[in-house]
Amino acid sequence: MRQTSRLFATFVLVALVYSVCSCGHKAPRVEGNYVYEHGWNYDIKEGHIDVHETGTMDFFPDGTAIDSARQVYTVDLNSGGTVKWVFDYVSPSRWRVDGEDFYFSGDEASFRMELIESVADGCADQNELASRIIQSVRGGIGRETKFHLALLTRDELVWSYTYPDGHTDTWEFRRR
């Protein structure tokens, strides 16, 4: 009986110490409002595209998110000349975390990418090309993508993705 009382008292003491020590040390949570800047580039048959975006990401506790950005696409055309588009990008999305895996997908039905500015030097079919870019983005937005959750602190969220060709891209979000 005395042995059981000591074990019980030890258990209560350990539980009490754990609860006191962990008070105020909550694990960081994804939910919140973040700002970010990101850039990437790729080739299309007409030339080379550089993209830069500045945006906000709002993660909600129910697993939804809103990604809003100003995206600037600059294409150096193989035929000579340059095209620059500015898009207003809004993507209602879904997210979830499983350990160090961060899953994210946009909602293709409510996704919006609107052309708000276009400057062309040497591209007669700039509107057609802009439409193809929008359709390409729309076509991949609904696919759930698994990112690596590289960092999650009170002020920062960082995820990365490794492409099939082996290169890794990283997104850094700062909590507002």
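Quick notes on this one:
- Computed E for ARG174/LYS45 - FRET, C-beta separation, R0 45 angstrom, nearest 0.05: 0.80
- Contour excess over end-to-end distance, with Cα ends at ASP125 and VAL72 and 0.36 nm allotted per residue: 17.3 nm
- ARG138 exposes around 60 Å² of accessible area when a 1.4 Å probe is run over every protein chain in place.
- Accessible heavy-atom area order of VAL72, VAL35, highest first, probe of 1.4 Å: VAL35, VAL72
- Of the solvent-accessible surface of segment 96-172, computed with a 1.4 Å probe and all protein chains present, 45% belongs to carbon and sulfur.
- Between VAL90 and GLU108, residue separation times 0.36 nm minus the direct Cα-Cα distance comes to 5.4 nm.
- Accessible area in the full protein assembly, largest first, 1.4 Å probe, for ASP67, ASP88, ASP76: ASP76, ASP88, ASP67
The values are calculated or read from the model by the stated rules, or taken from the named source; none is laboratory data. Please read all numbers here as calculations on a predicted model, not as lab measurements. For neighbour counting, all protein chains shown are included, and Cβ atoms are generated from backbone atoms with ideal geometry for every residue, glycine included. In case anyone asks, the SASA skips ligands and DNA or RNA and just uses the protein heavy atoms, side chains included. Shrake-Rupley method; radii C 1.70, N 1.55, O 1.52, S 1.80 Å.
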